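Peer 1: Here's a structure for you.
The values are calculated or read from the model by the stated rules, or taken from the named source; none is laboratory data. Just so it is clear, the structure is predicted and the values come from calculations on it, not from any experiment. Every residue, glycine among them, receives a Cβ derived from its backbone with ideal geometry; neighbour counts consider all protein chains shown. Ligands, DNA and RNA are stripped out before the accessible areas are found, and what is left, the full protein with its side chains, is counted by its heavy atoms. Shrake-Rupley method; radii C 1.70, N 1.55, O 1.52, S 1.80 Å.
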Amino acid sequence: MEGALKRQRLVLERMLGEGWITQQEMNEAIASPPKLAGTALSNDGDNGYALDYATGEVLKMVGPNSPDLVVRLTIDTKLQASGAQALRRIVQGQGKASGASQGAMIAIDAQGAIRTMVGVVDYGESVFNRAVQAKRQPGSSFKPFVYAAALEKGVLPTDVRVDEPVKIDKWEPKNYGGRYRGAVTLETALAQSINTVAVKLGQEVGPAAISNLASRFGITTLPPN
């Protein structure tokens, strides 16, 4: 708002200088700043994050001085509202119990279209879109990079590794649920997201190979260690 009012004054001064308005009209305009509706401050409430993100993506494609455009989003407004409500409910419940005060979510359909994007619990509280701007620990979603690096080294999906307790220095990764399955194919290990096999495979192919493959997919924040 502060920047907009400065711009307003500049335009009014130019208009006065060109004789398009009187000094009184300029004074009256400055004395009557615009009043924003509550929904304007929240950038359409729960849709604010999707609109911000879409704006940024469009500007990447066409630049800042493009002609007027009509941009159609893939967001489903009903799903968007439901997603925002669900996120708030989870953060207020499970989030409080685990010490989390914020959350984010994205729902993508089978064609890759974003149907729901909620960047934080309350857009009016923070416009930082944690769904696409925040860096986070990727968890098991990173395992396919480990397996892909192994495939490039000649490992096959039918190859067998043993799901068992493993220790690397002082680190002892465990499986979710605490149980071990014994001998399994790599295909099964990936499908069931078995931690110990992913760790063993990572040790086999080496961190440099995994880091190199990830960088080819655009992940630049992973040092080879």
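Peer 1: Let me know the shape class of the range 77-117, please: from the alpha-carbon gyration tensor, a ≥ b ≥ c as square roots of the eigenvalues, rounded when a/c is under 1.5, otherwise prolate if a/b is greater than b/c, or oblate.
Peer 2: On the way: a/c = 3.86, a/b = 2.23, b/c = 1.74.
Since a/c reaches 1.5 and a/b is larger than b/c, the shape of the range 77-117 is classed as prolate.
Peer 1: Before I look further, what does the range 61-183 give for accessible area per residue, probe 1.4 Å, in whole square angstrom?
Peer 2: Details: 8660 Å² over 123 residues.
Normalised by residue count, the accessible surface of the range 61-183 is 70 Å².
Peer 1: Let me ask you something else. Enter the angle in degrees (range 0 to 90, nearest 10) between the Cα long axis of helix 77-90 and the first principal axis of the Cα atoms of the chain, meaning the one along which they spread out most.
Peer 2: In the chain, helix 77-90 runs at an angle near 60 degrees to the longest axis.
Peer 1: With an 8 Å cut-off on Cα pairs and a minimum separation of 6 or more residues, tell me the relative contact order of the range 143-201 in percent.
Peer 2: Working: 70 pairs, mean separation 25.1, N = 59.
Computed value for the range 143-201: 43 percent relative contact order.
Peer 1: Taking only DSSP H segments of four or more residues, each worth -39500 (n - 2.57), what value at 222 nm results for the chain once the sum is divided by all its residues, to the nearest 500 deg cm²/dmol?
Peer 2: -12500 deg cm²/dmol
Peer 1: Ordered by packing density, taken as the mean number of other Cβ atoms within 10 Å over each peptide's residues, highest first, how do 206-214, 194-202 rank?
Peer 2: Details: 206-214: 16.7, 194-202: 21.0.
Ranking the peptides 206-214, 194-202 by packing returns 194-202, 206-214.
Peer 1: In angstroms, what radius of gyration and Dmax does the range 91-160 have, counting Cα atoms only?
Peer 2: Looking at the range 91-160, its Cα Rg and Dmax stand at 17.4, 52 Å.
Peer 1: Further, regarding this structure: Between the range 175-214 and the range 84-129, what is the C-alpha centre distance in whole Å?
Peer 2: 30 Å
Peer 1: Taking the chain, how many lysine pairs are there with alpha carbons less than 17 Å apart, if each pair must be eight or more places apart or span two chains? Mind showing how you got there, number by number?
Peer 2: Values: K6/K35; K143/K153; K143/K174; K143/K200; K153/K200; K167/K200; K170/K200; K174/K200.
Counting lysine pairs in the chain gives 8.
Peer 1: Let me ask something else. Taking all protein chains in place and a 1.4 Å probe, what share, in percent, of the accessible surface of the range 90-193 do carbon and sulfur account for?
Peer 2: Of all accessible area on the range 90-193, carbon and sulfur atoms account for 54 percent.
Peer 1: Sticking with this one: Based on DSSP loop calls and a cut-off of at most 12 other Cβ atoms within 10 Å, the longest stretch of the chain free of exposed GluC sites (Glu not before Pro) is what?
Peer 2: Counting at most 12 other Cβ atoms within 10 Å as exposed, the longest clean stretch of the chain is 19-124.
Peer 1: Using a 7 Å offset from the Cα along the Cα-to-Cβ direction at both K174 and Q24, what is the distance between the two label points in nm, to one decimal?
Peer 2: Modelled inter-label distance: 8.2 nm.
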